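For reference, the structure is listed below as structure tokens.
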Amino acid sequence: MSADGIPPRADPAITPSPLPLNSPITSPPTAKQDNGNISRGRKSLDHSHQSPHIRIPEHLAHRPHLAEAHRSLSDAFRVVRSREEQETLLGDDENADPDGCLREEGAGPRQVFAADPHQGLRIYVTIHRIRRMVLATIDDPYTFDQLKEPRMNVLIVKPMVERLYDEDDVSVVYCLLVNRLQFLREQSFQHYHQTVNLTRANLCEIVAMKMLRKYDDMYSGRVGLLRLANILVAPFQPFQGAPTEVCPKRFKWEFQSQGGYEGKLTALEVAIISESKMFLSSSACQKVVDAVYRGRVVYTPTSFVDILPDHYKYKPIALYDPRKAPLLNQYRLIVPRTRNIIEVVQFIILLGLFCLCMMNRQNTTFTTSEAFFLIYAAGWTLDEIASMLEHGWQVHTQNLWSFLDITFLVIYFSYLFVRMHGWITGNVEEGRQALDVLAIAAPILFPRLAFNLMPENMLFISLRAMMSEFTALSLIAVWCFGGFLLSLKWLAMGNSQVDFDDSPNPITISKWMLWIWFGLDGTGIQEAPKFHDVLGPALMVVYAFLGNTLFLTVLVSILSNTFSKIAADATAEIQFRRAVLTFEGVKSDAIFAYRPPFNILALIFLLPLKVVLTPRWFHKINITLVRILNCPILLLISLYERQYLWKMSRRQSLGPSKRSKWAFWNWTGFNVHADLQAVFDEEPPQEVIDTIEEEDELEDAILENSFANGGGLRSRSMSPQATMPRRRRLSSVWQG
């Protein structure tokens, strides 16, 4: 595929035919099979199985011009315009539901709790079919770059894509990513197959990326965006379609019932936990991620554990039209972009209350500022714990600032325990120590705000990765150098020249060793004879060589290598973090609709009502309270999205021209370079478009004729006979 996203023209005169494979993968199909016979052949094998999946009408979404061997410039331009349609305002002729959701055509009547449209897919069979295919294909280790070479693409990748592609099956990408996760898991256990399993995992990621791009090429416009969204964020279960004897028996808790969606994961979540960064950074995947982040694509997420579950309604994947939605739409609170802004504001309030609390600290009594901070921080902590339970520990720790949040939770609970114990017992000293423990949260909270405001900064992205490696290496060093500490202490205990009370204690020895480690002070070497006249200085010198020279050199080398790897693939890292932020932003738990500290009150009063009331009445009470508490926020969101959620179509009339009588007040045009942008503000007239299309068709005919006669591109198209019609046409246009 070229840089502008247009597939190259497949010319039979210059396209090499694929070599046969000694594996179950056959050679790529012919052009006739590529137009749909593969999917029909596969469906003929499964004619006994009728799956109630969503079908997209071909007259709305299919691109017939892509199947042709030759594509003109006009066809390529239509492809680009179809992609622009995915970001333009929904048309008035597109009927949306009363909640503003535009679903796929043929999805059936609107239901309160929509059934899973993909429940008939045989995902279990597809997962093991892909595994057998990959195991039979890859027996030798290859790097990621080697798998992306043209020869490997023709021999392995493209035949797998053609064999697995089925326009009616949206779970193939999910099954490929599940196999990638399994191969990565086997890599850490089967040491004799480490590199081979890594190659198999990379192959699954590359094929999944190619499959997603193929779906993107086959369907255009907003219907194509909806199709990609069904592939990435539709929930699937690995044992779906499996025989009964192999399905595991899981404990079902009725309190966490989600109407049959329990235990289902999306392809986007599997890509995050398997760290498929190349897949997530692909243009097709980022298109869906951006649409979900902005709220153009909406869906009901699944969760592992909900603190305050409300699953009375389940909405399918749909496009959102804010003009036809209610003014107070509580579901817009879980849009990732809105959720991110709300979380930043909540954290700024937490940081302000923390600073106010520490500036007015009183060891003996609770101040008003400390009480406000205590209550608000408890609500913020509840929100953070709910985020951990939403999708599990593994997904939550992929967040950029998760390690800072977890550190603050440890500090806050330590402060709360010591402060409450001192207040109950009347111990003033414990109250002072509790506030001292809370004071060390400042180095955590202030950088966390910078992480929120600049989440795509390479310094913060690399800092997160380096912090984990630094912590692991530091723990290993403390473990290894603990022997030096014990040796020095035992030497001091056996030294008859120094009294036992005057011998350095372990804390003092640790302090001397820490100073030597970081090269701050050499007091430990000067005091070494106190341990032993010969062995004391010898141990200190050996420790200085190992700690200050060897260990720090290795540490700096590892951290530099980590930063270099992240900086070399900065785009994939940034887009991976963006995908994590988007996926975590779509919340299922009703507790996220209540701002701290109101979430504590919701937990106290609404959770008991969950057991007493029916799901319908609990849902009514819940959304009523959410709309009352978030009324100003919902009004601002509605007014903003009705103006800026979708881009205005450049094809439709935009009102008065910028060259009208009011152009005098348009100060943006008072610029020496204003015309460079103004030339693209409006669509060219139809006569100009007709002229361009005539010239493009003429050039395409010349090029096609040159290839058909077997001549080279340069020799035929640049000959005087071939260029004469073009010159006549251009001269007539210029003279006209």
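Brief remarks follow.
- Of all residues in the stretch 194-213, those that are closer than 18 Å to His128 by Cα have Cβ atoms under 7 Å from Cβ atoms of residues that are assigned to a helix (DSSP H, G or I) and aromatic (Phe, Trp, Tyr), 6 or more apart or on another chain, in Asn197/Phe183; Arg200/Phe183; Ala201/Phe183; Asn202/Phe144; Cys204/Phe183; Glu205/Phe279; Ala208/Phe279.
- Output for the stretch 268-299, where each listed residue is under 17 Å from Leu203 (Cβ atoms) and small (Gly, Ala, Ser): Ala271, Ser274, Ser276, Ser282
- The set of residues in the stretch 314-328 being part of a loop (DSSP other than H, G, I, E, B) and surrounded by fewer than 18 Cβ atoms within 10 Å (Cβ to Cβ) consists of Pro326, Leu327, Leu328.
- Some residue of the stretch 298-314 being farther than 19 Å from Arg627 by Cα, at pLDDT 90 or above, within 23 Å of the chain's Cα centre (by Cα) and of a type in the set (Gly, Ala, Ser): no
- Any pair with Cβ under 7 angstrom, 6 or more apart, that starts in the stretch 141-155 at a residue that is loosely packed, with under 14 Cβ neighbours inside 10 Å and ends at one that is not basic (Lys, Arg): Gln146/Met152
- Unmet requirement for Gln394, which otherwise passes all of (1) at pLDDT 85 or above; (2) within 29 Å of Val580 (Cβ to Cβ); (3) of a type in the set (S, T, N, Q): (1)
- Selection within the stretch 528-541 - farther than 18 Å from Phe481 by Cα and buried (at least 17 other Cβ atoms within 10 Å of the Cβ): Lys530, His532
- Condition broken by Phe239, with the remaining ones in (1) without any contact (Cβ under 8 Å) to a residue 24 or more places away in the chain; (2) in contact with a Cys (Cβ under 7 Å, 6 or more places away or on another chain) satisfied: (1)
- Any chance Glu429 is more than 29 Å from the chain's Cα centre (by Cα), surrounded by fewer than 16 Cβ atoms within 10 Å (Cβ to Cβ), assigned to a helix (DSSP H, G or I) and not β-branched (Val, Ile, Thr): yes
- Meets criteria (within 30 Å of Gly221 (Cα to Cα) and either among the acidic types (Asp, Glu) or surrounded by fewer than 17 Cβ atoms within 10 Å (Cβ to Cβ) (or both)) for Lys647: yes
- Phe354 being over 24 Å from the mean Cα position of the chain (by Cα), free of Cβ contacts under 8 Å to residues at least 24 places away in the same chain and assigned to a helix (DSSP H, G or I): no
- Selection of the stretch 111-146 for residues being farther than 30 Å from Gly259 by Cβ and within 24 Å of the chain's Cα centre (by Cα) yields Phe144, Asp145.
- All helices (runs of 4 or more DSSP H) inside the stretch 229-313 with 2 or more residues being of a type in the set (Val, Ile, Thr): 267-273, 283-294
- Selection status of Glu469, surrounded by fewer than 17 Cβ atoms within 10 Å (Cβ to Cβ), touching a helix residue (DSSP H, G or I) at 6+ places or on another chain (Cβ under 7 Å) and under 20 Å from Pro336 (Cα atoms): no
- Residue in the stretch 339-362 that is touching a Cys at 6+ places or on another chain (Cβ under 9 Å) and farther than 25 Å from Thr624 by Cβ present: no
- The residue that is surrounded by the most Cβ atoms within 10 Å (Cβ to Cβ), counting only those in the stretch 261-274 that are out of contact with any strand residue (DSSP E or B) (no Cβ under 9 Å at 6 or more places or on another chain) and at pLDDT below 90, is Glu262.
- Condition met for Ala590 (within 24 Å of Gln286 (Cβ to Cβ), among the small types (Gly, Ala, Ser) and surrounded by 13 or more Cβ atoms within 10 Å (Cβ to Cβ)): no
- Considering the conditions (1) closer than 25 Å to Thr365 by Cα; (2) buried (at least 18 other Cβ atoms within 10 Å of the Cβ), Trp401 is excluded by exactly one of them, (1).
- Selection within the stretch 178-215 - crowded, with 23+ Cβ neighbours inside 10 Å and among the acidic types (Asp, Glu): Glu205
- Elements of the type helices (runs of 4 or more DSSP H) sitting completely within the stretch 623-736 and holding at least 1 residues that are closer than 30 Å to Arg337 by Cα and at pLDDT 80 or above: these cover 631-644.
- Tabulated pairs, the stretch 533-562, first in contact (Cβ under 8 Å) with a residue 40 or more places away in the chain, second acidic (Asp, Glu) and assigned to a helix (DSSP H, G or I), C-beta under 7 angstrom, 6+ apart or interchain: Ile558/Glu469; Leu559/Glu469; Thr562/Glu469
- Residue check, Ala318 touching a residue at least 24 places away in the same chain (Cβ under 8 Å), within 16 Å of the chain's Cα centre (by Cα) and closer than 23 Å to Arg227 by Cα: no
- If you check Leu181, Leu155 for being under 23 Å from the mean Cα position of the chain (by Cα) and in a helix (DSSP H, G or I), only one passes: Leu181.
The values are calculated or read from the model by the stated rules, or taken from the named source; none is laboratory data. Model, not experiment: these values are computed from the prediction. Cβ coordinates were reconstructed from backbone atoms using ideal geometry, including for glycine residues, and neighbour counts include every protein chain displayed.
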